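Below is one structure, written out as structure tokens, with a few remarks after it.
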Amino acid sequence: MLDDHLYASLSATEIADLVNHGKATARDVVDTALALCADRDGALRAFTAIWADSARAVAAEVDAAVARGARLPLAGVPIGVKASEGATSFQNQRLVAAGCVPIGATSVPRSGTGWQTYGFTERGPTLNPLNPAWSPGGSSAGSAAAVAAGLVPLATGSDGAGSVRIPAAWCGIIGFKPTNGLLPSRDRAGLNTPGVLTRTPHDAAAYLSAVAPTSTPLPLVRSLTVAWTPTLGYAATDPDIADTARRALHRIAQAGLCTVVERSVELRDPAPAWTALRAGSPAPDTEALVEANEQSLRAVFDQVDIIATPTTPHPPHGNDGPGSRMSVALTWAFNLSGHPALTLPAGSTPDGEPVGLQLVARHHADTVLLDAAARLSGHEATEGGQWR
């Protein structure tokens, strides 16, 4: 097995490099991950099931392939699998083909509840590794907690209204929702797309290469232009959340990594259209709302490369639920529009609550979005540390 601290510090691509070059075996890596889960997940409750036997069997297959000379892009990388999609989903099959080793199912909310920003296990609710008093967000709750706690470097999620980006923001990691339609949708309305939670933007890029290898890379933008909006024109964003995200963006700009353009972003509240489409009962006003927002976004993206917002309008709520707050207020507009979106850690409010910075790019500009995030990874963007 690997040293616990070394394993928890490694990114997915770093683990794959070790395995591909014979410096570690997939079995060693997976045994370390399983041991950490056995030691720590009893309290964290990120996983609803651990697949030890099948994980070791898959690791053996990876080691055999490497011994034959194969170089797998994610060789031996332990991953958590969102319980609601299972190991046979499209993205998980693609990840296994790239060398990943699923080690267990990660928690999601209990079915039939009125709020989805938490995780449920038979042992109790999933806890946020940053502070057990906070919800980890959801619905990809266990995936976010497992990655943030260092149990796995990568976990799958799905994002129908913000279910990858919200837990990533509240657990202080990276969450990426690709362009809707790039991967098979997980609902009839086409709102819910597979996504990933990682600790580094490079791992999110490796994920995209694994699950969508036929996607066409776009020319990378040399000088990014960014439009900042704390509300998208309708959300009731807390001032401390907006200020924290805005300061992170301006530190990035001051480092010469982007130019913040004075361009307003005014959308209509997507709530009625999203709800109607999800229920399968769209009406004429649904189409009108969607088209109005599409026109607004096209006009913005004619002038800038990226739209930046806080990821959520408020900080993590407690394990008793969000009350009347709409955690999805700033994320679900881009499930409706289909644009690729990613959240990065932006620092903390004066009360120490984590804040995410959401970046949104043009349709099918997923590689531009991931490149933008990767550029930021080597520079101090949060007041408390760096993105790796």
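Numbers at a glance
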item	result
Rh by Kirkwood over Cα pairs, then Stokes-Einstein D for the range 215-296 at 0.692 mPa s and 37 °C, µm²/s	213 µm²/s
R40 accessible area, 1.4 Å probe, all protein chains in place, Å² to nearest 10	90 Å²
Cα convex hull volume per residue for the range 279-322 (Å³)	129 Å³
Probe 1.4 Å, accessible area per residue of the chain, Å²	38 Å²
FRET efficiency, 1/(1 + (r/R0)^6) with R0 25 Å, evaluated for Q303 and A283 via beta carbons	0.20
Theoretical gain in end-to-end length, D320 to A70 [0.36 nm per residue, Cα-Cα removed]	85.1 nm
Cα long-axis angle, helix 239-254 against the chain (0 to 90 degrees, to the nearest 10)	80 degrees
Burial ranking of peptide ranges 230-242, 20-32, 90-102, 323-335 (average Cβ count within 10 Å, highest at the top)	323-335, 90-102, 20-32, 230-242
Heavy atoms of E353 accessible to a 1.4 Å probe, total area in Å² rounded to 10	40 Å²
Heavy-atom accessible area ranking, 1.4 Å probe, most first, across R68, R199, R268	R68, R268, R199
Rounded to the nearest 20 debye, dipole of the range 280-362 from Cβ charges on Lys, Arg, Asp, Glu	120 debye
Modelled label reach - R188, point 7 Å along Cα→Cβ, the range 257-293 residues with backbone N closer than 19 Å	273-284, 286-287
For T121, distant residues with modelled amide H under 5 Å away	T126
Surface share of carbon and sulfur [accessible, 1.4 angstrom probe, percent] for the chain	52 percent
Spatial extent of the range 1-124: Rg and Dmax, with the Cα atoms as the point set, Å	15.0, 51
Fraction of antiparallel bridges per DSSP, the chain only, in percent to nearest 5	70 percent
V260 accessible area, assembled protein chains, probe 1.4 Å, Å²	40 Å²
Nonlocal amide H pairs with V261, under 5 Å, H built at 1.01 Å	V226, A227, W228
Cβ charges +1 (Lys, Arg) and -1 (Asp, Glu), total dipole of the chain, debye	460 debye
Amide H contacts under 5 Å for G104, placed H, 5+ residues apart	W51, V81
Degrees, to the nearest 10: 366-376 long Cα axis against longest axis of the chain	80 degrees
Angle in degrees between helix 52-67 and the longest Cα principal axis of the chain, rounded to the nearest 10	80 degrees
Rg/Rh for the range 142-248, where both radii come from Cα atoms and Rh is the Kirkwood radius	0.99
Within the chain, helix-based [θ] at 222 nm, where runs of 4 or more DSSP H residues each add -39,500 (n - 2.57), nearest 500	-11000 deg cm²/dmol
The range 218-297 and the range 106-122: distance between their alpha carbon centers, rounded to Å	27 Å
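The values are calculated or read from the model by the stated rules, or taken from the named source; none is laboratory data. Since the structure is predicted, the reported quantities are computational estimates derived from the model, not experimental observations. All Cβ positions, even for glycine, are placed from backbone atoms using ideal geometry, and neighbour counts span all protein chains on display. These area figures cover heavy atoms from the full protein model, side chains too; ligands, DNA and RNA do not enter into them. Shrake-Rupley method; radii C 1.70, N 1.55, O 1.52, S 1.80 Å.
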